[in-house]
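The values are calculated or read from the model by the stated rules, or taken from the named source; none is laboratory data. It should be emphasised that the depicted structure is a prediction, and the values quoted were computed from it without experimental measurement. Counting neighbours? That spans all protein chains shown, and the Cβs are built from the backbone with ideal geometry, glycine included. Heavy atoms of the whole protein, side chains included, go into the accessibility calculation; ligands, DNA and RNA do not. Shrake-Rupley method; radii C 1.70, N 1.55, O 1.52, S 1.80 Å.
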Amino acid sequence: MFLVFPQFDGRCGTLGAQFFFSMNTINTYTTFLFTAILASILFLTGCSSDDSTNNALPTPHFTLVTTLSNAEHTLPIYTESGTLKTGYNAMFFQIKTTEGELLQPTEITWKPTMQMQHMAHGCPASEITLANSSSAYHQGYLVFQMASNDSEFWSLTITYTVNGTNYTASGTIVVEQSPTRTVNTFIGSDNTRYVAAMAQPTAPRIGTNVMETVLYRMESMHQFTPVADYRFLVDPRMPSMGNHSSPSNTPLTSQTPGWYAGQLNLTMTGYWKINLQLLNAADEPLYGNAITAETPSSSLYFEVSW
Amino acid sequence: MKNWILWWTLWVSATLLSHAQPHPDPVWDSIPSIQLEEVRISASRHSKEEHKKPLGSIDQHLQSLEAVQMIRRGNYAWEPQLNGLSPDRAVVTLDGMRLYGACTDKMDPITSYVETPNLAKAKVHNGPSSAGGASIAGSLDLERTSLDFDANRWNGQVQAGYETNAQQLLYGAGLHYSNPTYAAEIQFTQRQAGNYHAGNREEISHSQFHKTNVAATLGARWKPNQEWKADLIYDRAVDVGYPALPMDVSLAEAVITSLQYKRTFASNSVWESKVYYNSIFHQMDDSDRPDVPIRMDMPGWSHTAGAYSKWKSQRGSHRWELHWTGHFNYAKAEMTMFGTSPTDVDMYMLTWPGVNTYYTDVFTTDQIRLTNRVRLNLSVGLASHTNYIASQIGYESNQIFAPNLERTKSRILKRASSSVDVHAGDWKLTSGIGYGERAPSVSEGYGFYLYNSYDRFDYIGNPDLPEERAWQVHSAISHQGNGWHARLKAQVYFLQDYMIGRIHPEFSAMTIGAAGVKKYEALAWAHQLQLNGELGYQFNAHWHMHTQWVYSLGKAKEIGNLPSIQPLTGRLLAAYHANKWKVQLDVEGATDQPKVNAALGEAPLKGYVLAGGSVMRSWTWRTEQKLTTQLGIENAFDQRYTTFADWNRLPQMGRNVYVQIMVNW
């Protein structure tokens, strides 16, 4: 299962340039001395190679959210921000004995449930895989469609097997409302319920961003299956600036079942509405609108603001 | 590349070898080249010559040069262009120093960072091969006033002027001290105006400006014939309006410093070296505009450091110059847009992505006196021009349009020219050919959504533009008669890979209300023709008359007419000189201009005729003390008119009466 971790923001090669050229005060002839003789210069721009792979877990970037436990084990759960929000959440947890020994059980499954006033439902959940064998981090993601509130709450049950014995650990988890819209639940034109959530970019930049989205079909209250071979058309707009777009965005195409990736170009910071249209495997439109003068936004969209 | 180095080395060697056979001949200036043109700006301390409007702005002085047209976006910071070709195709230098503006919208040509008293003269060299640098149309050099070591005393100057149309007030003072070893000069000038009025008393809002300029020079002559000079100019303009543009300027500030060494040898050869640094900050501001689609702050920075060395030598029948220059420039511009409600997030982008320019240039020119009547002028230059995108954000922004964007781009730019001047009795003929190449400017190569308010398109830079190349062919003939002189000159530029924005319908505009996006591309060919005519007649010792005309044509592949083509424009002047008096009347006009480019936002122009006059009187007492006054009127009949060089057809000034006083001691 392919998972993407938050990316490093490479600033390496440009540090020298930033020192050299950050000028808000009057400079001296030292800059001249370096440069007046030069005919051409090649600056090192090579940033360190991408550190985010499936196995490296930069622990300072992960903060404890909560700990589930049972009589024998504790399960600390981590995310990058230390909170769980509506939408896509990449989560990591360890299974430890009360003495602190790390376990690598087999057959780990998890079941998120939202307990509402009159009914309960689940949410899209990925498989759980071992991220790092040396520090025994298990990873997966959950997509929460709504936040917890006073009367309705989310709980998480993790089931695993150690030496032939089954264990479960449960607990309530708090899901906060994300300030930007990163999840959509909708009924497509095929009368099927879908959940789509934006996994990347979490740290948007001016320029080309990798955009990743997960798409699940709701089979029943507690069963969500990843959808393969569909396609998202992408049209990012800035509503406060005449609804202008950006050039050369690419559609999000199916990578592995449920996982879609494409290119999102953002020309400036600010608030962007990423309008989407969902097409099925036969390229038939299921949900979402194309942007025209009469239709400034799509019913299917994510928000990015920084 | 190797061929060019070889060619240049051979040329230099040949020149050096030829010095071995001297030809005795002292008179050089009897055949001035028609490729060069100059205008005096500040009367020197000892000069008897006064100008019609000596305290007029630099822009007004430059406009009197035949080769220069001034693009106006307001009543301040007109942008000079040479020979009908856009300003990116010419090089403007200040005393040999390169400065780069800090504004993406061209509101700060470097001529806007100096004041009239700073300069002695402005010189134009037409054609692609000049000492100023790699260019197409030519180079314009603004020469600073020089220190006078031999005066051996204190000199001072106070000046003041007032103009009625925009209530423009000018005042300033200067002090100069010299003794045989040291000389120093300090000047201060303040120039400010309110809104100006076009013909029929129509007030042009947002056309005010306030400008302060301080310049200081310190010179030392510790050994005879060796001169050191340290120079500083500080220029600051605040609250400047640009009525033809959607934004104004809250601050435009420049610090220009240099250190120069000059040595004159017994053979009259001169060695001059200079090291310099200038720093410009420019802040665009729309807070005075009541109705904008979105508020924005647009600051820009430009820092340039450079040096040059030049050697001028004269031996026998050769007058030879060798120049080396190098400079580094960093240019960055940002845009922050503010949403309408308090919860809106600010929107930030880089319009110039923090681009470094590294430039090195070697140039040599030789004027060879073949006979008493014939002179051959040759020049050749080679430059290396490299751009590097210093800002990571800037690099990633531009990558959106150019996924394979190279962070560094290097170019080699060649130039050469040859011309012949013939002096045959009362006739002078000159003819020549030149070739040059230029690199794209920061905006043409790396601009990111730069809005052009003339054609209403957002412009995107193209770093892969090939070098623009041009051949220039020129010819001029002049005749000196009995009390009269006449001259006819023709210049044609054949350009290849002409850089211009072309519409890309697949990109959506960013600026609210823009018509779309254009990206800079290269057109296979463009050509530009300029014809100049001049006739002067001296009636007697006091009266003379002078008339000059210019006609221009320009076309390019696919787009038809080039933008901003000057129609047939002419000027007629009648002047009376006496010992202390000078009276002048002038009439100027232009025909209609139907040759416009509608796709670039131009509408056809109507012709106009204007009349004006001036009276000058000076008083001298005790040899060094002089009081000069000028009183003049421009556009006496308050005509409402606009020219080919007025951005968005901004109307020119209506009737303006001016008075100027200068006291020298």
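Below is a table of values for the structure above.
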| quantity | calculated |
| --- | --- |
| Number of the condition not met by residue B:656 [criteria: (1) at pLDDT 95 or above; (2) out of contact with any Gly (no Cβ under 9 Å at 6 or more places or on another chain)] | (2) |
| Identity of the residue in the stretch B:413-446, more than 22 Å from residue B:470 (Cβ to Cβ) and not in a strand (DSSP E or B), that ends up least open to solvent (accessible area, probe 1.4 Å) | B:446 |
| Within the stretch A:210-231, tally of residues that are within 14 Å of another protein chain (Cβ to nearest Cβ) and either open to solvent by 10 Å² or more (accessible area, probe 1.4 Å) or of a type in the set (D, E, K, R) (or both) | 1 |
| Number of positions in the stretch B:601-654 that are among the aliphatic types (A, V, I, L, M) and either touching a Leu at 6+ places or on another chain (Cβ under 9 Å) or assigned to a loop (DSSP other than H, G, I, E, B) (or both) | 8 |
| Some residue of the stretch A:245-265 being within 14 Å of chain B (Cβ to nearest Cβ), more than 21 Å from the chain's Cα centre (by Cα) and either among the β-branched types (Val, Ile, Thr) or in a strand (DSSP E or B) (or both) | no |
| Close pairs (7 angstrom Cβ cut-off, 6 or more residues apart or separate chains): in contact (Cβ under 8 Å) with a residue 60 or more places away in the chain in the stretch B:335-349, open to solvent by less than 30 Å² (accessible area, probe 1.4 Å) and part of a loop (DSSP other than H, G, I, E, B) anywhere | B:349/A:206; B:349/A:267; B:349/A:268; B:349/B:448 |
| Residue check for residue A:234: within 25 Å of residue B:345 (Cα to Cα), open to solvent by 50 Å² or more (accessible area, probe 1.4 Å) and either part of a strand (DSSP E or B) or within 14 Å of chain B (Cβ to nearest Cβ) (or both) | no |
| Top-ranked residue in the stretch B:365-392 [being crowded, with 20+ Cβ neighbours inside 10 Å, touching a residue at least 12 places away in the same chain (Cβ under 8 Å) and facing chain A (nearest Cβ under 8 Å); ranked as nearest to the chain's Cα centre (by Cα)] | B:386 |
| Exclusive hit being of a type in the set (S, T, N, Q), buried (at least 19 other Cβ atoms within 10 Å of the Cβ) and in a loop (DSSP other than H, G, I, E, B), set B:552, B:564 | B:564 |
| Single unsatisfied condition, residue B:206 versus (1) in contact with a Gly (Cβ under 7 Å, 6 or more places away or on another chain); (2) part of a strand (DSSP E or B) | (2) |
| Positions within the stretch B:322-351 being small (Gly, Ala, Ser), open to solvent by less than 20 Å² (accessible area, probe 1.4 Å) and at the interface with chain A (Cβ under 9 Å from one of its Cβ atoms), in sequence order | B:326 |
| Residue ID - nearest to the other protein chains (Cβ to nearest Cβ), chosen from residues in the stretch B:244-280 that are assigned to a loop (DSSP other than H, G, I, E, B) and open to solvent by less than 30 Å² (accessible area, probe 1.4 Å) | B:247 |
| Qualifying strands (runs of 3 or more DSSP E) (wholly inside the stretch A:65-138; at least 3 residues being closer than 15 Å to residue A:162 by Cβ) | A:73-79, A:95-97, A:106-115 |
| Residue in the stretch B:205-217 that is in contact with a Phe, Trp or Tyr (Cβ under 6 Å, 6 or more places away or on another chain), of a type outside the set (S, T, N, Q) and within 19 Å of residue B:185 (Cβ to Cβ) present | yes |
| Residue check, residue B:291 under 16 Å from residue A:268 (Cβ atoms), out of contact with any Asp or Glu (no Cβ under 7 Å at 6 or more places or on another chain) and surrounded by fewer than 20 Cβ atoms within 10 Å (Cβ to Cβ) | no |
| Filtered residue count, the stretch A:241-274, keeping only those that are polar (S, T, N, Q), free of Cβ contacts under 8 Å to residues at least 60 places away in the same chain and surrounded by 21 or more Cβ atoms within 10 Å (Cβ to Cβ) | 3 |
